[in-house]
Amino acid sequence: MKEEQFTPKPYKSSVENGSFTWSSPSNIALVKYWGKKKNQIPENPSISFTLNNCKTTTTLSFSKKHSHADFSFEVFLDGEKKDDFKPKIETFFKRVETYLPFLRDYHFKVETSNTFPHSSGIASSASGMSALALCLMSLEKELSEDVSEAYFIQKASFLARLGSGSACRSLEGDLVVWGKHEEIQGSSDLFGVKYPFEVHQNFKNYHDTILLVDKGEKQVSSTVGHNLMHGHPFAQERFKQAHKNLSDIITILKDGDLDGFVALVESEALTLHAMMMTSIPYFILMKPNTLEIINKIWSYRQTTHSKVCFTLDAGANVHVLYPENETESVMEFINSELVEFCQKGEYINDKIGFGAKLINKE
Ligand code: DP6
């Protein structure tokens, strides 16, 4: 598969104006993407659960303009103009222009809102970039005559990746792989694909309660973070380990091996943070309360034999993952023992979801 397959043939139709609304979820990586090459190509393959409740809804309105000179767009978050979002979208437009040659022909209004608070420390780039990519693909579909469903979703994932790597894993559910892996046929560095193998009932409807330990702006942007893997002394070993973990998780998911899942997922989370702690410059993105929570989870597991576990993003918040049949007991545990470590006692209940949805078309 090559990038060129996403360069469209000359469009056959013309569209003056209209709008599309898509909602797209966030996702949580089990095997992490950390380190990238040029053009948003990952250094290693990753796999994630698609989430259900944490999502972004974006309406893209477009009207044809006369000059083809510049990109022309405005951005609104929850109805308020957000000029500070513009540079990121401008960069995205530049990256995808070859694949969406209509971008300079329209004035765009991007209106976006998240179900989770902007200041929750939860990255909105995966849900936001995938929602925007889908809106743009809806427009391309109007302009072209031959856009199949499979091409639509694959190109939307390809475009989303150019906005933010992990965004390419948010379009479908419930498990998505991004990055070439030798045992996963069809896997690609260019876009996410639905996990193609059998998944045991134990992993259906898995839950993720996100404990908001630190709701501030990210201390290290993901771009800076990924760059720390260039020349990192342990980078090559880490990339190999991710390939192996992805091989191992195939068996774990098939067999319903909850203990294997816990061990692999927690190790991935701690390895991601270990990479940050051992890079130059170095960072500690966990907070004391992150460690308090991890220790509480470990002792709860030891005393109850629960299969609850944690994973982390590049920040201090903790994703608490557990099977559906433990919902009641784990919620009780969270409310009695973990809430005190969350900022203002806040957390978000989420679970596995099935991807993005077209909400409206005008
Ligand atoms: C730690 O997708 O945010 O969440 O491609 O620079 O936008 P960019 O990075 P981003 O990185 C996410 C890193 C991670 C792990 C993961 O989601 O796989």
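Given points 7 Å out from each Cα along the Cα-Cβ axis, report the Glu332 to Asp84 separation in nanometres with one decimal.
With each label point 7 Å from Cα toward Cβ, the separation is 4.3 nm.
Provide the net charge surrounding Lys88, with neighbours chosen by a C-beta distance below 13 Å and charges set as Lys +1, Arg +1, Asp -1, Glu -1.
+1
At 1.4 Å probe size, with the rest of the protein present, what percent of the exposed accessible area of the chain is carbon and sulfur atoms? Write down the numbers at each step before the final one.
Values: 8000 of 16000 Å².
Taking all protein chains in place, the chain shows 50 percent carbon and sulfur surface.
Please report the antiparallel percentage of the DSSP beta bridges confined to the chain, to the nearest 5.
Antiparallel bridges: around 90 percent, rounded to the nearest 5.
What ³J(HN,Hα) values, in whole Hz, does the Karplus curve 6.51 cos²θ - 1.76 cosθ + 1.60 give for the stretch 12-21 when θ = phi - 60°, with x put for Gly and Pro?
Along the stretch 12-21, the couplings run 9, 10, 10, 10, 7, 7, x, 7, 10, 10 Hz.
Give me the accessible area of Lys86, 1.4 Å probe, in Å² rounded to the nearest 10.
Solvent-accessible area, nearest 10 Å²: 70 Å².
Mean projection of the alpha-carbon convex hull of the stretch 226-280 over all orientations, in nm²? Write out the running numbers ahead of the final one.
Values: hull surface 14.8 nm².
For the stretch 226-280, the mean projected area of the Cα convex hull comes to 3.7 nm².
Go through the stretch 216-232 residue by residue and turn each phi into a ³J(HN,Hα) via Karplus (6.51, -1.76, 1.60, θ = phi - 60°); whole Hz please, and just put x for glycine and proline.
Values, residue by residue: x, 4, 4, 6, 10, 5, 5, 4, 4, x, 4, 5, 5, 7, 6, x, 5 Hz.
Can you tell me which lysines have their Cα less than 29 Å from the Cα of Lys344? Leave out same-chain residues fewer than eight positions away.
Lys32, Lys55, Lys81, Lys82, Lys215, Lys218, Lys287, Lys296, Lys307
Give me, ordered by chain and number, the residues 5 or more places off Lys36 or on other chains with an amide H under 5 Å from its own placed amide H.
Glu43
What are the ³J(HN,Hα) couplings of the stretch 82-88, residue after residue, when phi is run through the Karplus curve with 6.51, -1.76, 1.60 and θ = phi - 60°? Round to Hz, x for glycine and proline.
Rounded to whole hertz, the list is 10, 5, 6, 7, 4, x, 5.
Going by a ≥ b ≥ c, the root eigenvalues of the Cα gyration tensor, does the chain fall in the rounded group (a/c under 1.5), the prolate group (a/b larger than b/c) or the oblate group?
Prolate, because a/c is 1.5 or more and a/b exceeds b/c.
Given Cα positions, please report Rg to Rh for the stretch 201-351, the hydrodynamic radius being the Kirkwood one.
0.98
Counting only heavy atoms of protein chains, what accessible area per residue, in Å², does the stretch 102-178 have with a probe of 1.4 Å?
Details: 2050 Å² over 77 residues.
Value for the stretch 102-178: 27 Å² per residue.
Taking loop as defined by DSSP and a crowding limit of 14 other beta carbons within 10 Å, which chymotrypsin sites (Phe, Trp or Tyr not before Pro) in the stretch 165-230 fit?
Those satisfying the criteria are Phe197.
Holding the Cα-Cα limit at 31 Å, pick out from Lys64/Lys86; Lys64/Lys88; Lys9/Lys351 the pairs that are longer than that.
Lys9/Lys351
Quick one: accessible surface of Ile280, probe radius 1.4 Å, all protein chains present, in square angstrom to the nearest 10.
Number for this one is 150 Å².
Taking only C-alpha pairs under 8 Å that are 6+ residues apart, what is the relative contact order of the chain in percent?
Relative contact order for the chain comes out at 25 percent.
What's the angle, to the nearest 10 degrees (0 to 90), between helix 149-163's Cα axis and the longest principal axis of the chain?
80 degrees
Could you let me know the centre-to-centre spacing of the stretch 144-158 and the stretch 87-134, using Cα atoms, in angstrom?
18 Å
What angle do you read, to the nearest 10 degrees and between 0 and 90, between the alpha-carbon axis of helix 288-304 and the longest principal axis of the chain?
In the chain, helix 288-304 runs at an angle near 60 degrees to the longest axis.
Please report the spacing between the Cα centers of the stretch 306-331 and the stretch 1-51 in Å, no decimals.
Between the Cα centre of the stretch 306-331 and that of the stretch 1-51, the gap is 27 Å.
With the cut-off at 1.5 for a/c, could you classify the stretch 195-260 from its C-alpha gyration tensor as rounded, prolate or oblate?
Cα axes put the stretch 195-260 in the oblate bin.
Mind pulling the angle between the C-alpha long axis of helix 258-277 and the longest principal axis of the chain? Nearest 10 degrees, somewhere in 0 to 90.
Tilt relative to the chain: about 70 degrees.
Would you list which aspartates and glutamates come within 17 Å of Lys155, measuring only between C-alpha atoms, while excluding same-chain residues fewer than 8 positions from it?
Glu3, Glu4, Glu97, Glu140, Glu142, Glu145, Asp146, Glu172, Asp189
The values are calculated or read from the model by the stated rules, or taken from the named source; none is laboratory data. In this text the structure is predicted, and so the values were computed from the model without any measurement. Please note: Cβ atoms are built from the backbone with ideal geometry, for glycine as well, and neighbour counts cover all protein chains shown. The area values use the complete protein model at the heavy-atom level, side chains included, leaving out ligands, DNA and RNA. Shrake-Rupley method; radii C 1.70, N 1.55, O 1.52, S 1.80 Å.
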